[in-house]
Amino acid sequence: MHKKITMNLTQHLDKLEVFVIIAETKKMSEASKLVNLTQPSLTRLVNTLEEAANTKLFIRSRSGTTLTPAGEEVYLYAKSTLNSLKDLESKLKSPLTSNTGHLNIGSYESLAEYLCPNFLKRMNQKHPKLKISIKTSQKHHHISALQNGNIDLLIDAEPRLVGENDSFPIFRDSFSFYIKSNLAKKDFSTCSIIFVPDAFDEKNKSLRMYVSESQLGKNESIELDSFTTARTFCEEGLGLAILPSRLARASVKNGLITQVGIGNFKRKFGKHTIYLTTHTRKTQDSRIQLLKKELKSYFK
């Protein structure tokens, strides 16, 4: 376990930007070119920070530099601090209102579909000066991105993020079983089960648990990372899929898939909430307040 970081680091705030560049490039040679300092100078800078922190921040090898657990902590705080200063500098140069500026949204493939294209079109029409970028990734990437300020907010599902984050419910959904429409009368006991195992309901019960506890637990399974991919597999007749009701809505309307009841399962089960989550330091950002209002209105 690494030693506790001391407050002596506050005496070296001017070095944190270079520290971040070293951490992100993972090579002293590349960082040296970017900051226009010699490699020995960078080594001395890192040594100074490590002395101030009273612990190792980097593991250095022939292949490059890797952050230690303590180094990861320093990186997150440094990145967050630098991004906050950039935000402040931008506001001072060009004061923002709620409908101007730029928002970076993190989400997941299936949730991003709710935002594209209709919601973004609506925002572009109503608030043309507010630019919105969306990046989909895995949850652990989003958590660190919220901490260091690389994204302003996250459109997220259960389980709700806690800690230094504020979450606001946008809408509620539930899961259901679906099958390709022309297979609706098929014997489901022989069907492959298509699902996202690490999706959770509001009681923190995963779809993996739902499947394992059901009469379908012994069926062949197709486990995927994305509900949009699961829906595609279902539309192609590859099995019985568990999908969020809202995500399946268009495919049901177009006659591609059909909702079906399975054994003791209710037609809709696994209620869960979709959240807008942001770091506490950005909760009062007028642009985020505006987006929250527009999202709640859109998903009424």
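Every number here is computed from the coordinates shown, using simple stated rules; none is lab data. Remember, it's a predicted structure, so these values are computed and weren't measured experimentally. For neighbour counting, all protein chains shown are included, and Cβ atoms are generated from backbone atoms with ideal geometry for every residue, glycine included.
Quick look at the values:
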quantity: Vicinal HN-Hα couplings computed from phi for segment 283-300 (Karplus, 6.51 cos²θ - 1.76 cosθ + 1.60; Hz; Gly/Pro x); calculated: 4, 8, 4, 4, 5, 5, 4, 5, 4, 4, 4, 5, 5, 5, 5, 5, 9, 4
quantity: Using θ = phi - 60° and Karplus 6.51 cos²θ - 1.76 cosθ + 1.60, couplings along segment 193-209 (whole Hz; Gly, Pro as x); calculated: 9, 9, 7, 9, x, 9, 7, 10, 9, 5, 9, 6, 9, 7, 5, 4, 5
quantity: Taking V211, V162, V35 and counting other C-beta atoms within 10 Å, the order from fewest to most; calculated: V162, V35, V211
quantity: Among beta bridges that DSSP assigns inside the chain, antiparallel share in %, nearest 5; calculated: 65
quantity: Note, ³J(HN,Hα) from phi for segment 152-161, Karplus 6.51, -1.76, 1.60, rounded to Hz, x at Gly and Pro; calculated: 8, 7, 10, 8, 9, 10, 4, x, 5, 6
quantity: Cα-based Kirkwood hydrodynamic radius, segment 172-272, one decimal, Å; calculated: 13.2
quantity: Footprinting exposure proxy for C234, C116 (fewest neighbouring C-beta atoms within 10 Å first); calculated: C116, C234
quantity: Ordering of 55-63, 144-152 by burial proxy (mean other Cβ atoms within 10 Å per residue, highest first); calculated: 144-152, 55-63
quantity: Most fluctuating residue given options D285, D14, D198, as computed from a GNM of the chain linking Cα atoms under 10 Å; calculated: D14
quantity: Cβ-based exposure ranking for V46, V20, in which fewest neighbours within 10 Å come first; calculated: V20, V46
quantity: For segment 134-187, alpha-carbon Rg over 2.2 N^0.38 Å; calculated: 1.70
quantity: Distance histogram for segment 20-161 (every C-alpha pair counted, 10 angstrom bins, percent rounded to whole numbers); calculated: 10, 29, 30, 21, 9, 1
quantity: Sequence-distant residues sharing a close amide H with I170 (under 5 Å, placed H); calculated: I274, Y275, L276
quantity: Correct option for Rg and Dmax of the Cα atoms in Å [calculated from the coordinates] among (1) 17.5, 52; (2) 23.7, 72; (3) 26.8, 96; calculated: (2)
quantity: Extension gain (nm, one decimal) between F119 and Q284, 0.36 nm per residue minus Cα-Cα; calculated: 57.2 nm
quantity: Set of aspartates and glutamates near K185 by C-alpha distance (under 14 Å), chain-local residues within fewer than 8 positions excluded; calculated: none
